[in-house]
Structure formats: C-alpha cells, structure tokens
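The structure appears right after this line, and notes come after that.
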Amino acid sequence: GQNIDQPTEMTATEGAIVQINCTYQTSGFNGLFWYQQHAGEAPTFLSYNVLDGLEEKGRFSSFLSRSKGYSYLLLKELQMKDSASYLCAVRDIGGQNFVFGPGTRLSVLP
Amino acid sequence: GAGVSQSPSNKVTEKGKDVELRCDPISGHTALYWYRQRLGQGLEFLIYFQGNSAPDKSGLPSDRFSAERTGESVSTLTIQRTQQEDSAVYLCASSLAAGGTEAFFGQGTRLTVV
C-alpha cells in the first residue's frame with residue numbers, strides 16, 4: 001500500500017519563498033511528482049524526481065530523499081497566481097499507478 | 001487528440017439513475033487513470049488501466065462502479081444506481097506506459113446527484 005502525507009494549508013506573502021513538504025511510505029517507488037491545481041481546474045504537472053537531489057525549473061524546485069521518503073516543493077518569488085493546491089503523487093514500480101497525497105492549499109497574500 | 005478529453009463536462013442526474021462518464025486519452029498513451037475529487041478534497045484513486053486491462057481496481061468504492069477501456073483508447077466509467085455521495089468531479093488522466101512520465105489530466109466531469 002501507499003501512504004502520502006502533506007500539510008493541509010499554508011499561507012505565505014507575495015515575493016516570499018515557501019516550502020511544501022511531502023512524506024510517503026510506499027511498497028514500491030518509481031518517481032515522485034508535483035502537480036498544481038487551481039480551484040475548479042484540472043491538476044497540471046510541475047515537476048518530477050526519481051533520483052535523490054534537487055530539480056530546478058524556474059521559480060519552482062523539487063527535492064527528493066528516497067531513503068527518508070521525503071520530498072519538498074520550493075516556490076520562490078511568490079506571486080498571487082501561485083495561490084492553488086499543490087499535490088504530491090508517487091508512481092509505484094509495479095503497476096505504474098499514480099497515488100496522490102491530500103494536497104496542500106497555498107494562499108499567497110499581498 | 002491534443003489533450004485528455006472528458007465528456008460530459010457537467011452531469012446532473014436523479015438518485016437511482018445510472019450514468020456513464022467518458023474519457024478520451026492522449027493518442028499513444030497506454031496508461032489511463034480515473035480519480036474522484038469531492039469538493040475541497042484530494043484526488044481519490046478509483047481505477048487504472050494498462051492497455052485495455054485494469055491491473056488495479058482497488059479504489060472502486062462499491063460494486064455500483066465499473067469501468068472499461070477499449071482499443072487502448074476510450075474509457076468509460078459507469079456508476080449504477082447513483083447516490084448523493086457520488087456527487088464529485090471525476091477526473092481522468094493518461095500517461096505513456098514507460099515509468100517516469102507524468103500523467104496529463106482532463107478537465108473532469110462534475111457529477112451532481114439530486
């Protein structure tokens with residue numbers, strides 16, 4: 001089975017940096033994904049990690065530690081449009097299924 | 001097609017009626033996923049297809065829910081004898097079979113059972 005945990009809500013200020021954590025326990029692992037979901041819209045892909053370390057993509061970076069079952073998404077230079085839910089998902093090695101965490105609702109304040 | 005397409009985008013049905021939700025994945029994507037998302041909640045896994053086979057049906061909430069996929073393409077999620085607790089957005093996603101590739105989501109079907 002798989003268990004994925006994220007904080008429910010976070011608040012940050014425009015222009016600041018925020019780190020959203022994700023911990024997971026899985027029977028198999030074939031990559032960790034971060035998605036962004038604005039209210040009323042479908043999730044969109046942000047980043048992917050399969051090896052330990054940091055992946056940087058513009059204002060967004062994602063980190064993975066497989067031994068600790070831990071990942072984080074780092075958002076820099078926050079903008080109001082970054083207010084959304086951020087979903088952590090793990091792909092298992094057997095069935096290649098994606099299992100999603102509960103999501104973190106981020107509110108960016110002016 | 002260019003993206004994952006779901007129909008209908010909205011469906012209102014009476015309690016006890018059956019509904020069919022359709023998903024057209026991205027051409028060439030052999031993996032297809034169905035999720036349910038209740039208002040303000042996360043994504044609840046329902047079922048996953050690899051080709052036309054469903055190796056993992058563990059998420060289907062009850063025997064009122066079923067899904068099929070044909071031609072390694074279109075998938076249909078059927079809910080029989082709908083109940084009010086079935087009201088949610090049903091999201092479909094597809095991905096390439098190879099590990100490590102992301103899943104792309106459709107816009108979802110908003111189901112309301114009255």
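What does the net charge come to around residue B:113 if you take all other residues with beta carbon closer than 15 Å to its beta carbon, with K and R at +1 and D and E at -1?
+3
Tally Lys and Arg at +1 and Asp and Glu at -1 over the other residues with C-beta under 10 Å from the C-beta of residue A:15: what net charge comes out?
That sum, taken over residues with Cβ under 10 Å, equals -1.
On average, how many beta carbons from a partner chain sit within 10 Å of the beta carbon of a residue in A:26-35? Kindly include the intermediate steps, with their values, before the conclusion.
Values: counts 0, 0, 0, 0, 3, 4, 0, 4, 1, 5.
What the average comes to for A:26-35 is 2.
May I ask you to give the solvent-accessible area per residue for chain A, in square angstrom, as obtained with a 1.4 angstrom probe?
Solvent-accessible surface per residue comes out at 46 Å².
Rounded to whole Hz and in sequence order, give me ³J(HN,Hα) for segment B:35-52 from the Karplus expression 6.51 cos²θ - 1.76 cosθ + 1.60, θ = phi - 60°, writing x for Gly and Pro.
With the stated coefficients, segment B:35-52 comes to 10, 10, 10, 7, 4, x, 10, x, 7, 9, 5, 10, 7, 9, 10, 10, x, 9 Hz.
Can you give me the solvent accessible area of residue A:80 with a 1.4 Å probe, rounded to the nearest 10 Å²?
Roll a 1.4 Å probe over it and residue A:80 shows about 80 Å².
Give the total of Lys-Lys pairs in the protein assembly as shown with Cα-Cα distances below 26 Å; include a pair only if its members are 8 or more places apart or on different chains.
Eligible lysine pairs with Cα atoms under 26 Å apart amount to 7.
Ignoring ligands, DNA and RNA, what percent of the 1.4 Å accessible area of chain B is carbon and sulfur? Walk me through the numbers before you get to the answer.
Details: 2400 of 5270 Å².
Within chain B, the accessible surface is 46 percent carbon and sulfur.
Taking only protein heavy atoms into account and a 1.4 Å probe, give the accessible area per residue of segment B:38-93 in Å².
Details: 2600 Å² over 56 residues.
Here the residues of segment B:38-93 average 46 Å² of exposed surface.
Taking each pair of different alpha-carbon atoms in chain A once, compute 1/r for the pair, average those values, and report the inverse of that mean as the Kirkwood hydrodynamic radius in Å to one decimal.
Details: mean 1/r = 0.0718 Å⁻¹.
Value: 13.9 Å, from the Cα pair sum.
The values are calculated or read from the model by the stated rules, or taken from the named source; none is laboratory data. All values reported here derive from a predicted model rather than from experimental measurement. Cβ atoms come from the backbone with ideal geometry, glycine included; neighbour counts cover every protein chain shown. These accessible areas exclude ligands, DNA and RNA; they are computed on the full protein's heavy atoms, side chains included. Shrake-Rupley method; radii C 1.70, N 1.55, O 1.52, S 1.80 Å.
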